[in-house]
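Beneath this line is the structure, given in structure tokens, with notes to follow.
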Amino acid sequence: MINRIVLAAGVAAFALLGGPATTQAAIELHNTVTGEPLNLDDAGPEGRDTEAFKSFIETGKNPYNNEPNCLANGEQLYLGMCSGCHGHVAEGKIGPGLNDNYWTYPDNNTDKGLFETIFGGASGQMGPMYGAVNPDQMLQIMAWVRHLYKDGVEDAKWLDDAQKANFKPYDGHSHAPKPDPAKTPEACKVSE
Ligand code: HEC
């Protein structure tokens, strides 16, 4: 009898704490080169409480890959922060191309891996970017980088089956679609 009460109390406590059936553990982020854990506190407080970032940190998936209204700001941020080294359409310059299916660090073909490289940097000129763009902005840049992808859909690991069915390789020159202000998440509004 006593045992049964203890067991019932245990189950209740487990339910109150939200056991594994109801919550998903946050993903763990590591430096692309050293494997050291990344500390999100290295970034400021901005861009960490958006719906998109909260979802990313639970699932490892970038929700902005499904949000065309965020591409315009992602393009602007990419042109300001990345294109000088990676090229206008990520074709490569002093840094490698990001628009093809070859990755120095193969995990960059997942959203989690790409975020880890942007947040924590890689080697040489590829420094950590958390001082220049906030974590939500990193997700927006990532969606733009994926939009620039020109190679085969079979190597696009970041896409699920439905996204693969709708995939079109980048045409090499067009800009992001004009965002619909009514549907654009606050974090993705293009700054003037
Ligand atoms: C000052 C130049 C510079 C800037 C700015 C820069 N990068 Fe890089 N990036 C590099 C270099 C050089 C490498 C190669 C480093 C290595 O191999 O470890 C690199 C590597 C990368 C990789 C790994 C590619 C692979 O093949 O695995 C990714 C992803 C990347 N950069 C994304 C970005 C993004 C996104 C931005 C903007 C937020 C950015 N970089 C800004 C120079 C830069």
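Bear in mind that the values in this text are calculations on the coordinates, not laboratory data. Remember, it's a predicted structure, so these values are computed and weren't measured experimentally. A quick note on method: Cβ atoms are made from the backbone with ideal geometry, for glycine too, and the neighbour counts reach across all protein chains shown.
Between the amide H of residue 30 and those of 38, distances stay under 5 Å, these residues lying 5 or more places away or on another chain, with hydrogens modeled in the peptide plane.
Cys residues of the chain that find no other Cys beta carbon under 4.7 Å: 82, 85.
Order the peptides 32-41, 82-91 from the highest to the lowest mean number of other Cβ atoms within 10 Å of their residues.
Details: 32-41: 12.8, 82-91: 17.7.
Packing order, densest peptide first, comes out as 82-91, 32-41.
Among the listed pairs 54/150; 61/93; 61/183; 93/168; 93/157, those with a Cα-Cα distance over 26 Å are 54/150; 61/93.
If you add up the charges near residue 49, with Lys and Arg at +1 and Asp and Glu at -1, over every other residue whose beta carbon is less than 15 angstrom from its beta carbon, what do you get? Net charge in that neighbourhood comes out at -4.
Entry note, the chain: the mean residue ellipticity at 222 nm calculated from DSSP H runs of n ≥ 4, each adding -39500 (n - 2.57), is -10500 deg cm²/dmol after division by the residues and rounding to the nearest 500. Distance between the 7 Å Cα→Cβ label points at residue 157 and residue 85: 2.2 nm. So which trypsin sites (Lys or Arg not before Pro) in the range 119-192 are both in a DSSP loop and have at most 16 other Cβ atoms within 10 Å of their Cβ? Within the range 119-192, the qualifying trypsin sites (Lys or Arg not before Pro) (loop, at most 16 other Cβ atoms within 10 Å) are 150, 157, 189. Modelled label positions at residue 186 and residue 174, each set 7 Å beyond Cα in the direction of Cβ, lie 3.2 nm from each other. Remark: spin-label model distance residue 101-residue 54 equals 3.8 nm, labels positioned 7 Å along the Cα→Cβ axis.
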